[in-house]
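Just below is one structure, and these are the notes that go with it.
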Amino acid sequence: MAELVVRAEPPDAEPGASLLAEYYGEIASRYPDWSPSKGSTASVADMSPPAGRFLVAYVDGSPAACGTVKRVDDRTAEIKRMYVRPAARGRGLARRMLAELEAAARGLGYARIVLDTGDRMPEAQALYRSSGYHEIPDYNGNPWAAVWFEKRLD
């Protein structure tokens, strides 16, 4: 059984910077006109304390996944930049990462999580639906998103 450790890390230092670069590359491969500066953004400050967190999951000591909690308002957080490296997929790591992000949001005092995903991300849509998220109207005007979700944490 592989050892899994999840830690809060700075998003602009290693391994976070490399994981985010891989995430951006994968999104750009699915949406060729996409860029991290278009649509719904998450700056380094958004992903950092006091109101946000950037988490990295390590499998047997190697960074394998990441995700962030970003403040929307006093009661609402947004999950952004959730990514699992291809070699680590198919082992439930995305579900575990989502649970860790939810726990981080609770720990920061948020009562609700929102997130969005695109029409070319069926695996993400399936994960969110099976994890208790339900569809809501567009809350952020992200031109790359096709589905918006919410989950109550309280």
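Quick look at the numbers
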{"quantity": "Selection count, region 127-154, where residues are open to solvent by 60 Å² or more (accessible area, probe 1.4 Å) and either at pLDDT 95 or above or over 16 Å from the mean Cα position of the chain (by Cα) (or both)", "calculated": "10"}
{"quantity": "Scope region 86-99; condition touching a Gly at 6+ places or on another chain (Cβ under 7 Å) and open to solvent by 10 Å² or more (accessible area, probe 1.4 Å); matching residues", "calculated": "none"}
{"quantity": "Output for region 106-118, where each listed residue is in a loop (DSSP other than H, G, I, E, B) and either more than 25 Å from residue 30 (Cβ to Cβ) or at pLDDT 95 or above (or both)", "calculated": "108, 109, 110, 111"}
{"quantity": "Residue list for region 49-80, filter: touching a strand residue (DSSP E or B) at 6+ places or on another chain (Cβ under 7 Å) and of a type in the set (Gly, Ala, Ser)", "calculated": "51, 52, 57, 64, 65, 67, 77"}
{"quantity": "3 or more residues open to solvent by 60 Å² or more (accessible area, probe 1.4 Å): qualifying strands (runs of 3 or more DSSP E) within region 1-75", "calculated": "62-73"}
{"quantity": "Count of region 115-126 residues which are out of contact with any Ser or Thr (no Cβ under 9 Å at 6 or more places or on another chain) and buried (at least 17 other Cβ atoms within 10 Å of the Cβ)", "calculated": "4"}
{"quantity": "Some residue of region 71-78 being touching a residue at least 24 places away in the same chain (Cβ under 8 Å), β-branched (Val, Ile, Thr) and closer than 20 Å to residue 153 by Cα", "calculated": "yes"}
{"quantity": "Members of region 87-105 found to be over 15 Å from the mean Cα position of the chain (by Cα) and either touching a residue at least 40 places away in the same chain (Cβ under 8 Å) or not in a loop (DSSP other than H, G, I, E, B) (or both), listed by number", "calculated": "87, 88, 91"}
{"quantity": "Every residue from region 119-135 that is under 15 Å from residue 78 (Cβ atoms) and either of a type in the set (Gly, Ala, Ser) or not in a helix (DSSP H, G or I) (or both)", "calculated": "124, 133"}
{"quantity": "Residue 25 vs. criteria at positive phi and at pLDDT below 95", "calculated": "no"}
{"quantity": "Candidate set: region 1-42, residues that are in contact (Cβ under 8 Å) with a residue 60 or more places away in the chain and aromatic (Phe, Trp, Tyr); chosen: the one farthest from residue 141 (Cα to Cα)", "calculated": "23"}
{"quantity": "Odd one out for residue 83, checked against (1) in contact (Cβ under 8 Å) with a residue 60 or more places away in the chain; (2) open to solvent by less than 30 Å² (accessible area, probe 1.4 Å); (3) under 20 Å from residue 126 (Cα atoms); (4) out of contact with any helix residue (DSSP H, G or I) (no Cβ under 9 Å at 6 or more places or on another chain)", "calculated": "(4)"}
{"quantity": "Among the residues listed as 21, 42, the single one being of a type in the set (A, V, I, L, M, F, W, C) and over 24 Å from residue 106 (Cα atoms)", "calculated": "21"}
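The values are calculated or read from the model by the stated rules, or taken from the named source; none is laboratory data. Only a predicted model underlies this, so the values are computations on that prediction, with no experimental measurement involved. All Cβ positions, glycine included, derive from the backbone under ideal geometry; neighbour counts span all protein chains shown. The protein model used for the area step is the full one, side chains on, heavy atoms only, and it has no ligands, DNA or RNA in it. Shrake-Rupley method; radii C 1.70, N 1.55, O 1.52, S 1.80 Å.
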